[in-house]
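Derivation of every value follows stated rules applied to the coordinates shown; laboratory data play no part. Worth saying up front: this structure is predicted, and the values here are computed from it rather than measured. Here the Cβ is made from the backbone with ideal geometry for all residues, glycine too, and neighbour counts use every protein chain on show.
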Amino acid sequence: MRVVSLILFVLLILLQFKLWFGEGGFREVARLETRVEGQRQQNEDLLQRNAELQAEVEDLRERLDAVEERARSELGLIKPAEQFYQVVPPPPGNQQTAKNDGEGS
């Protein structure tokens, strides 16, 4: 009877070891669940980005002013009757010098 109990106990230990540390065990399942959740979040982010891009494409297809706005902002295009003005800030070193020159007058 003791031998049978000992054999059953050893089998129980081996099965528990495989269940916790073996292939397909609890650790691997937890690791895979973490990866699945990460992939699910990435898919959700990509779906959101796709929806935004699709809305932008539809907007550009339907509205001529959206195309014009995009051409103006991204390509710097202007209409033939318009004049283009570009304001260039002074270099960082000259700001202090200009400030000092104005104070002495």
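Label zone (residue 53, point 7 Å along Cα-to-C-beta; backbone nitrogen cut-off 17 Å) within segment 60-83: 60-61. Size check on the chain: the Cα extents along the three principal axes, sorted descending, read 108, 53, 14 Å. For the chain, hydrophobic long helices are taken as DSSP H runs at least 24 Å long by C-alpha position along their axis with mean Kyte-Doolittle hydropathy of 1.6 or more; these are 2-21. Give the longest segment of the chain that steers clear of chymotrypsin sites (Phe, Trp or Tyr not before Pro) in DSSP loops with at most 13 neighbouring Cβ atoms within 10 Å, not counting the sites themselves. Longest gap between qualifying sites, sites excluded: 1-83. When the helices of the chain are scored as -39500 (n - 2.57) per DSSP H run of n ≥ 4 and the total is divided over every residue, the value at 222 nm lands at -27000 deg cm²/dmol. Within the listed set 88, 36, 57, the residue fluctuating most in the Gaussian network model of the chain (springs between alpha-carbon atoms under 10 angstrom) is 88. In the chain the longest region clear of GluC sites (Glu not before Pro) that are loop-assigned by DSSP and have at most 13 other C-beta atoms within 10 Å covers 24-81.
Given their separation in residues at 0.36 nm each and the Cα-Cα distance between them, residue 36 and residue 61 gain 5.3 nm when the chain is fully extended. A simple spin-label model places the labels of residue 77 and residue 23 6.0 nm from each other, with each point 7 Å out along Cα-to-Cβ.
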